[in-house]
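Asks: Sending over a structure as C-alpha cells; questions will come in a sec.
The values are calculated or read from the model by the stated rules, or taken from the named source; none is laboratory data. What you are looking at is a predicted structure, and each value in this text was computed from that prediction instead of being measured. Note that each Cβ is placed from the backbone with ideal geometry, even for glycine, and that neighbours are counted across all protein chains shown. Just the protein is used for accessible areas: all its heavy atoms, side chains included, with ligands, DNA and RNA removed. Shrake-Rupley method; radii C 1.70, N 1.55, O 1.52, S 1.80 Å.
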Amino acid sequence: MNGKGSVQKPFGVVEETLRLVELAEEALGLAQEADDPQLVAVAHWNLGFILFSLGDYAAARTHLAPMILA
C-alpha cells in the first residue's frame with residue numbers, strides 16, 4: 001500500500017491493462033471497418049467492460065450505454 005491507503009499495481013500489470021485497452025480499441029475499429037453491427041456491439045461491450053473495470057466510468061458509459069438502450 002502507498003501512503004494514501006490504496007494498493008499500487010506492479011508496473012507490468014498497468015502495462016498489460018493499457019495493452020488491453022489498445023487491443024479493444026483496435027477490435028472496435030476493425031468491427032466498424034467490417035460494417036458488422038454484431039461485431040461493433042460486442043467490441044463496444046468489451047471496451048466498455050475493460051474501461052469500467054479500470055474505474056473510467058465516463059468512458060465506459062459511452063461504450064456501454066448504447067448497448068443497454070438498444
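Asks: What is the gain in length, in nm to one decimal, between residue 53 and residue 68 on full extension, counting 0.36 nm per residue of separation less the C-alpha to C-alpha distance?
Replies: On the way: separation 15, 0.36 × 15 = 5.40 nm, distance 1.72 nm.
Full extension of this stretch gives 3.7 nm more.
Asks: Let me ask something else. Once phi is turned into θ = phi - 60°, what whole-Hz ³J(HN,Hα) does the Karplus curve with 6.51, -1.76 and 1.60 give for every residue of the stretch 26-35, x standing for Gly and Pro?
Replies: 5, 4, 5, x, 5, 5, 5, 4, 6, 6
Asks: Can you give the accessible area of residue 54 in Å² (nearest 10), computed on protein heavy atoms with a 1.4 Å probe?
Replies: 80
Asks: Let me cross-check residue 33: its accessible surface, 1.4 Å probe, with only protein heavy atoms counted, in Å² to the nearest 10?
Replies: 150
Asks: Separation between the residue 23 and residue 35 pseudo-spin-labels, each 7 Å from Cα along Cα→Cβ, expressed in nm?
Replies: The modelled label-to-label distance comes out at 2.9 nm.
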